[in-house]
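The numbers here are math on the coordinates, done by the rules we state, and not lab data. Quantities reported herein were computed from a predicted structural model and do not represent experimental measurements. Using ideal geometry, Cβ is built from the backbone for each residue, glycine included, and neighbour counts are taken over all protein chains shown.
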Amino acid sequence: MAKVFVVDYSICSGCYRCQLACKDEYVGNDWSPYSKPEPDTGQFWLKIIEHEKGQIPKVRVWYQNLFCQHCDNAPCIKAATGGAIYKRPDGLVVIDPVKSVGQKQLVAACPYGVIYWNSSLNIPQKCTGCAHIVDGQAGIPAAFPLNVPRCVDACHTNAITFGDDGDPAMQALISKAEVFHPEYGTKPRVYYLNTPKSFLAGLVADPVADEVIVGATVTATDLTTHNVYATTSDSFGDFWFENLWPNRTYEVNVTKSGYSSQKLTVFLDADKNVGDVDLFAGGV
């Protein structure tokens, strides 16, 4: 069995605690032979990237958690010389801080952009999967549980899970997850659940009464697969369809008892706000 990470975007709150915990663990701390101290600035071995989606006033924000993918087919290992990067039996990929001196080519070797250059130490650096904690090395503060990377321990929503790929609970998560950039062929050991796709949103209103319409039934039919998604307008008249497949055409139908109906055809080339959908009282 080997270690894997599973990140669930649907419960990440964007609090940055994982990023801060990672910095706290490595800045100023020498965990040789696993790693040398991370610089105060210029590196984030675990980085939270904020993404904005949609158009005002229909906007969503999601937070991408990016760190070493601990690939089974790691390009960085192939680019290293003298055993400067190695994969451990438990699947974690580690840069040897002694053997990697001067090997700046390793920064460009990572297609995910998660290897950094420490100019003062003349070495490449990255996430080690907290291998020193996983190994239960002496000097780990008692406040932090052994065998669990700091980012996992710090996450208050349990959005980051760490464990063995042979564990049935982890296998269940992996079966529903995806990897980042599968086209790279690197076979990452970091999996992502509920990666946001595209959304389609709008507002249902009665233009004559100048009021929003609550409880309207809204359906979106994917004209490629003919899958039908359904929702209702909320107390603000808004409706949202999350995680729709992009670059497809959807037929949107809006109905409400006592009102006229409305049909829209929308090509979802990006997250889209269709604006106000007007229904008129007295319709069938």
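Points to keep in mind about this one:
- Modelled FRET efficiency - R0 25 Å, TYR86 with ASN147, Cβ distances, 0.05 increments: 0.80
- Sequence-distant aspartates and glutamates (8 or more away, or on other chains) whose Cα lies within less than 14 Å of LYS58: ASP234, ASP238, GLU242, ASP271, ASP276
- For the set LYS176/LYS197; LYS47/LYS126; LYS47/LYS272; LYS47/LYS176, the pairs lying more than 22 angstrom apart at their alpha carbons are LYS47/LYS272; LYS47/LYS176.
- Cβ-derived FRET efficiency at R0 45 Å, ASP276 paired with MET1, nearest 0.05: 0.25
- Counted by neighbouring Cβ atoms within 10 Å, the residues GLU38, GLU242 run from fewest to most as GLU242, GLU38.
- Within the chain: Cβ-based charge dipole about Cα centre, in debye rounded to nearest 20 (Lys, Arg +1; Asp, Glu -1): 980
- Cut-off 20 Å (backbone N to label point 7 Å along Cα→Cβ of ASP72), residues of segment 157-174: 161-174
- Identified option (computed Rg and Dmax of the Cα atoms in Å; candidates (1) 26.7, 114; (2) 17.2, 50; (3) 24.0, 79): (3)
- Potential lengthening between GLU178 and GLU211 on full extension [0.36 nm per residue; Cα-Cα distance subtracted]: 7.6 nm
- Nearest-0.05 FRET efficiency for ASN243 and ASP135, computed from C-beta distance (R0 51 Å): 0.85
- Nearest 10 degrees, 0 to 90: helix 17-26 Cα axis against the chain principal axis: 10
- Taking every C-alpha pair closer than 8 Å and separated by at least 6 residues, the mean separation divided by the residue count of the chain gives a relative contact order of 19 percent.
- Per residue of the chain, the DSSP helices (runs of n ≥ 4 H) give a summed -39500 (n - 2.57) that works out to -3000 deg cm²/dmol at 222 nm.
- Cysteines of the chain lacking any other cysteine Cβ under 4.7 Å from their own Cβ: CYS12, CYS15, CYS22, CYS71, CYS76, CYS110, CYS130, CYS155.
- Low-density loop cleavage sites - chymotrypsin sites (Phe, Trp or Tyr not before Pro) in segment 232-277, where at most 14 other Cβ are within 10 Å (DSSP): PHE236
- Order of LYS87, LYS36 - criterion: other Cβ atoms within 10 Å of each residue's Cβ, fewest first: LYS87, LYS36
- In segment 1-70, inverting the average of 1/r over every pair of distinct C-alpha atoms gives 14.2 Å as the Kirkwood radius.
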